[in-house]
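Quick note: the coordinates plus some simple rules give every number you see, no bench work behind them. Computed from a predicted structure; not experimentally measured. Methodologically, a virtual Cβ is constructed for each residue, glycine included, from the backbone with ideal geometry; neighbour enumeration extends over all protein chains shown.
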Amino acid sequence: MSDVYEKRAEFTVLYSCQNGVINGDPDADSGPRLTEDGHAEVSSYCLKRRLRDWVALAHEGEPGMDIFMQSGGTLATRRMFLFSEEVAARIAEAAKPRAKPAKVSDEDMRNATRAFFERYWDSMFGMVAPLPVKRDAPTRGPVQIIMGKSLHPVMERRHTVTRCATNSEEDKDKTMGSKSFVEFALYRQDGIINGFDAQRCGLRVAAVKVLWEALENAWSYGISDARGLVTCCGVYVWEHDTTRGMLQPFQIFDTLKVRLREGLERPACIGDYVAEVGEVPEGVTLTRKFNLLER
């Protein structure tokens, strides 16, 4: 059996947030990111950060589970060490002011890209870390996550808060602030695994299994007062029998419907929602990795 994941797949994660803001908008004083019709949004970068943080803690030290996108050092430096010492020295020389781009052979570039996908778990999301070399380009990953959105419009609430201590004498009068939160919202976020890119990159089956684990468990890590109580409510995975896939992604996602229970106009808790899955097309296998909403 091949260790490379060779199928196309779609996946959906459902999660709720109570008394918090999952993905604050710095342009809105850390309030929720809102659409024009009042739905709250969660960026793909926010979800991927949570997944990376969980994998770094739960699989620390395991082969192929390093995290590329993390604080400390620079991405370009981290990528440079994927090359041989000789090639890395040439790239480092080319990074100096007014130096010409380094000449790196196609074979060296392929070897470095292969090392990237073998070493880093989050290589599945791709990489943008330009180096001073000729013909460099971003590396596209086989796993792509779409912007998440609350299923219903949310109402932002903001409280004024005070504190008894300050950072310095100059800030002694700055003891008031504010906290933004949403009482309750259920979010849906979809993603796709491109089977052809998975083959090209050598996406490992073990790495995909960790992805399913992370989608379910990452919410219990990185808990903070600002984010509130975040709960995973469901993880659904549709795997195709072929690399190309049997249907368009939107046709797969449309088989999962999440609605409010009869008689309710606004949600207040997880129990106010119910999930229903329609008929799964032939050639596609649905796996419920986690489920709280189907009753």
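Assorted remarks:
- Euclidean distance of C-alpha centroids, region 191-224 and region 45-93, integer Å: 16
- Residue-span extension gain [residue 209 to residue 260] - 0.36 nm each, minus C-alpha spacing: 15.3 nm
- Ranking of 287, 162, 231 by count of other Cβ atoms within 10 Å, fewest first: 162, 287, 231
- Cβ crowding within 10 Å ranks 27, 122, 254 as 27, 254, 122, fewest other Cβ atoms first.
- Each Cα pair of region 75-141 feeds into the Kirkwood radius, which the Stokes-Einstein equation turns, at 4 °C and 1.567 mPa s, into a diffusion coefficient of 107 µm²/s.
- Paired Rg and Dmax values of region 210-261, which use every Cα atom, in angstrom: 15.2, 44
- About its Cα centre, region 75-141 has a charge dipole of approximately 300 debye under the convention of +1 per Lys or Arg Cβ and -1 per Asp or Glu Cβ, with nothing else charged.
- In sequence order, calculated HN-Hα J values of region 63-68 (Karplus, 6.51, -1.76, 1.60; Hz; x Gly/Pro): x, x, 10, 5, 10, 7
- Between region 139-178 and region 225-288, the C-alpha centres lie 28 angstrom from each other.
- Entries of 149/209; 257/289; 48/179; 7/257; 48/134 with Cα pairs more than 28 Å apart: 48/134
- When the alpha carbon coordinates of the chain are projected onto the principal axes, the ranges are 68, 66, 35 Å, largest first.
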